[in-house]
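The values are calculated or read from the model by the stated rules, or taken from the named source; none is laboratory data. Source: prediction; values computed, not measured. Neighbour counts are summed over all protein chains in view; Cβ atoms, including those assigned to glycine, are modelled from backbone coordinates with ideal geometry.
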Amino acid sequence: MAFVDFDKVWLAYNDELLAQGHYAVEDISLKVEEGEFIAIVGPSGCGKSTFMKLATGLRRPSKGTVIIDGREVTGPLKITGMAFQAPSLLPWRTTVHNVMLPLEIVEPYRSSFKAKRKEYEAKARELLKSVGLAGYEDKYPWQLSGGMQQRASICRALVHEPKMLLLDEPFGALDAFTREELWCALRDLHAAQKFNVILVTHDLRESVFLADTVYCMSRSPGRFVVRREIDLPRPRDLEVTYTPQFTDIVHELRGHIGAMRKTGVAVPQ
């Protein structure tokens, strides 16, 4: 059984739009295996973020079903972690206490938080160490660079050991060097913990470097029109991004999206 299973999913944002047949996404079907890393790319406004809301249970489909981890999604999921373009760390909390926040509010950690606070703090510190933030655990967000804040944000999304991590343009605001450093940090976390990842990004190089499979969405109403398995061996290091094989895949995906921008339809495969 696939870990994520979208079966002919359509979504209109309200009853009026539904009655008019105006959908944000239409006829989405995909299956994602347990531990798989997928990336979703496409032009602005194509429905990538709408897909994320469906995957987290923040929106229910107008038609079709979403099944995750063997259960139909009928409301917000507790098995997911999320990180966005803005780290949104609480300025009055230190880095480690920002990371610990999900443990204070998500069961089963919440009910035992007071009794196991030291254990949970050690867990958060170890996670921060794994992404290169050793020595910054007790700093406040304003004392961290943008890249450090985003590392902390990803740690916060993973500290409660979710089965699925959803990332919505998490590195979009960072400079190229910092972005590549975080690609490698995410690569290593995924390799170590084997959680599912759904990454929404505009960066084709990012999608090819990180993902097992890349999906291209059409212009609104969004549909998956290209599915590209990334047959680059793992583990991948940054040198692979300079190889002809990598560049060919990026150019192929760029061609699909460029054609969709002009015509609004998928490129024949």
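List pairs: first residue in region 229-243 and closer than 16 Å to ALA211 by Cβ, second residue among the basic types (Lys, Arg) and surrounded by 10 or more Cβ atoms within 10 Å (Cβ to Cβ) anywhere in the structure, Cβ distance under 8 angstrom, at least six positions apart or on different chains.
That search, which allows pairs on different chains as well, returns PRO235/ARG187; ARG236/ARG187; THR241/ARG205.
Hey, could you check region 123-140 for residues that are assigned to a loop (DSSP other than H, G, I, E, B) and either touching an Asp or Glu at 6+ places or on another chain (Cβ under 7 Å) or free of Cβ contacts under 8 Å to residues at least 40 places away in the same chain (or both) and say which is farthest from ARG187 (Cα to Cα)?
If we take residues in region 123-140 being assigned to a loop (DSSP other than H, G, I, E, B) and either touching an Asp or Glu at 6+ places or on another chain (Cβ under 7 Å) or free of Cβ contacts under 8 Å to residues at least 40 places away in the same chain (or both), then GLY135 is farthest from ARG187 (Cα to Cα).
With over 30 Å from ILE249 (Cα atoms), buried (at least 21 other Cβ atoms within 10 Å of the Cβ), in contact (Cβ under 8 Å) with a residue 24 or more places away in the chain and out of contact with any Lys or Arg (no Cβ under 6 Å at 6 or more places or on another chain) as the only criterion, which of LEU103, LEU186, LEU166, LEU199 stands out?
LEU103
Does region 157-171 hold any residues that are within 13 Å of the chain's Cα centre (by Cα), more than 21 Å from TYR242 (Cα to Cα) and not in a helix (DSSP H, G or I), and which are they?
PRO162, LYS163, MET164, LEU165, LEU166, LEU167, ASP168, GLU169, PRO170, listed by residue number.
In region 81-100, which residue that is surrounded by fewer than 22 Cβ atoms within 10 Å (Cβ to Cβ) and polar (S, T, N, Q) is modelled with the lowest pLDDT?
GLN85
Starting from residues that are crowded, with 18+ Cβ neighbours inside 10 Å and at pLDDT 90 or above, keep the ones in region 65-79 and report whichever is farthest from SER153 (Cα to Cα).
Ranking the candidates gives VAL66 first.
I need the full set of residues from region 1-59 which are assigned to a helix (DSSP H, G or I) and either of a type in the set (Phe, Trp, Tyr) or closer than 21 Å to HIS202 by Cα (or both), in order please.
Within region 1-59, LYS48, SER49, THR50, PHE51, MET52, LYS53, LEU54, ALA55, THR56 meet the criteria.
When only residues in region 82-121 that are hydrophobic (A, V, I, L, M, F, W, C) and assigned to a loop (DSSP other than H, G, I, E, B) count, which is nearest to LYS163 (Cα to Cα)?
VAL106
Conditions (1) touching a Phe, Trp or Tyr at 6+ places or on another chain (Cβ under 8 Å); (2) in contact (Cβ under 8 Å) with a residue 24 or more places away in the chain; (3) surrounded by 15 or more Cβ atoms within 10 Å (Cβ to Cβ), marked per residue:
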position	(1), (2), (3)
VAL9	no, yes, yes
GLU16	no, no, no
ALA24	yes, yes, yes
SER29	yes, yes, no
GLU33	yes, yes, no
ILE38	yes, yes, yes
